[in-house]
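Q: Next up is a structure, given as structure tokens.
The values are calculated or read from the model by the stated rules, or taken from the named source; none is laboratory data. Note that the structure is predicted; figures quoted are calculated from it, not measured. For neighbour counting, all protein chains shown are included, and Cβ atoms are generated from backbone atoms with ideal geometry for every residue, glycine included.
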Amino acid sequence: MYPVFVYGTLKPQEAAYEKYCDPFVVSAQPAIMRGELFHLPQGYPAMTVGDRWIRGALLTFRDAAAIARIDHFEDYDPMRPPHANLYQRLRQPVFAITQQPLGTAWVYLMSPQQVCVLGGTRVDNGRWSKQLFPSI
């Protein structure tokens, strides 16, 4: 099984979930992870390393092909040097909403420098939704 923490357009009910996740998901549950969350003017979020609780979903996929599809969507290629990727895919601790540890999951993180270059603004409450940021 392949656990992935998602916090933006790949969450259930968001724009990319049906195409990139739904056909491959074995389970989905609300979850939180430590980080910093930003809204980008391009219309999607970015998460960086940090200490705030970020709300999202823990998706468990049945095979690695689903991860490869998400890698492509997130402009991540493990064979490229890190600076050539939009995001980095890393394993991080993930928690239930109650802060109960759930183990580790893959998450796509952006560097703070890239967030700055793209004009990101911090999302202080740790929740991103297209409904909350509809102007883009």
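Q: Collect the residues in region 94-129 that are farther than 14 Å from TRP53 by Cα, under 14 Å from the mean Cα position of the chain (by Cα), assigned to a loop (DSSP other than H, G, I, E, B) and not aliphatic (A, V, I, L, M), keeping them in residue-number order.
A: Of everything in region 94-129, those that are farther than 14 Å from TRP53 by Cα, under 14 Å from the mean Cα position of the chain (by Cα), assigned to a loop (DSSP other than H, G, I, E, B) and not aliphatic (A, V, I, L, M) turn out to be SER111, SER129.
Q: Please determine, by comparing only the residues of region 103-136 that are small (Gly, Ala, Ser) and touching a residue at least 24 places away in the same chain (Cβ under 8 Å), which one is farthest from LEU37 (Cα to Cα).
A: So in region 103-136, the residues small (Gly, Ala, Ser) come out as 103, 105, 111, 119-120, 126, 129, 135.
Among the residues that remain, those that are also touching a residue at least 24 places away in the same chain (Cβ under 8 Å) are: 103, 105, 111, 119-120, 126, 129.
Working: GLY103: 21, ALA105: 17, SER111: 11, GLY119: 13, GLY120: 9, GLY126: 6, SER129: 12 Å.
So the residue we want is GLY103.
Q: Report yes if GLY43 is assigned to a loop (DSSP other than H, G, I, E, B), small (Gly, Ala, Ser) and in contact with a strand residue (DSSP E or B) (Cβ under 7 Å, 6 or more places away or on another chain), otherwise no. Before the answer, list the steps.
A: On the way: assigned to a loop (DSSP other than H, G, I, E, B): yes; small (Gly, Ala, Ser): yes; in contact with a strand residue (DSSP E or B) (Cβ under 7 Å, 6 or more places away or on another chain): no.
Considered against the rule, which asks whether it is assigned to a loop (DSSP other than H, G, I, E, B), small (Gly, Ala, Ser) and in contact with a strand residue (DSSP E or B) (Cβ under 7 Å, 6 or more places away or on another chain), GLY43 comes out as no.
Q: Go through (1) surrounded by 20 or more Cβ atoms within 10 Å (Cβ to Cβ); (2) not in a strand (DSSP E or B) one by one and return the number of the condition ALA31 breaks.
A: (2)
Q: For region 6-28, enumerate the residues that are closer than 15 Å to PHE73 by Cα and assigned to a strand (DSSP E or B).
A: Of everything in region 6-28, just one residue is closer than 15 Å to PHE73 by Cα and assigned to a strand (DSSP E or B), namely VAL6.
Q: When region 70-93 is examined, which residues are found to be over 14 Å from the mean Cα position of the chain (by Cα) and either assigned to a helix (DSSP H, G or I) or within 22 Å of GLN29 (Cβ to Cβ) (or both)?
A: Matches in region 70-93: PRO82, HIS83, ALA84.
Q: Moving to a separate point now. Within the group GLY43, GLY50, which residue is modelled with pLDDT under 95 and either within 12 Å of the chain's Cα centre (by Cα) or surrounded by 13 or more Cβ atoms within 10 Å (Cβ to Cβ) (or both)?
A: GLY43
Q: Name, by its number, the condition in (1) crowded, with 20+ Cβ neighbours inside 10 Å; (2) in contact with a strand residue (DSSP E or B) (Cβ under 6 Å, 6 or more places away or on another chain); (3) not in a loop (DSSP other than H, G, I, E, B) that does not hold for ALA66.
A: (2)
Q: So if I check each of GLN100, GLN92, GLN42, GLN88, which one is among the polar types (S, T, N, Q), within 23 Å of TYR17 (Cα to Cα) and without any contact (Cβ under 8 Å) to a residue 24 or more places away in the chain? I'd like the intermediate steps shown before the answer.
A: Values: GLN100 fails: within 23 Å of TYR17 (Cα to Cα); GLN92 fails: without any contact (Cβ under 8 Å) to a residue 24 or more places away in the chain; GLN42 fails: without any contact (Cβ under 8 Å) to a residue 24 or more places away in the chain.
Only one candidate qualifies: GLN88.
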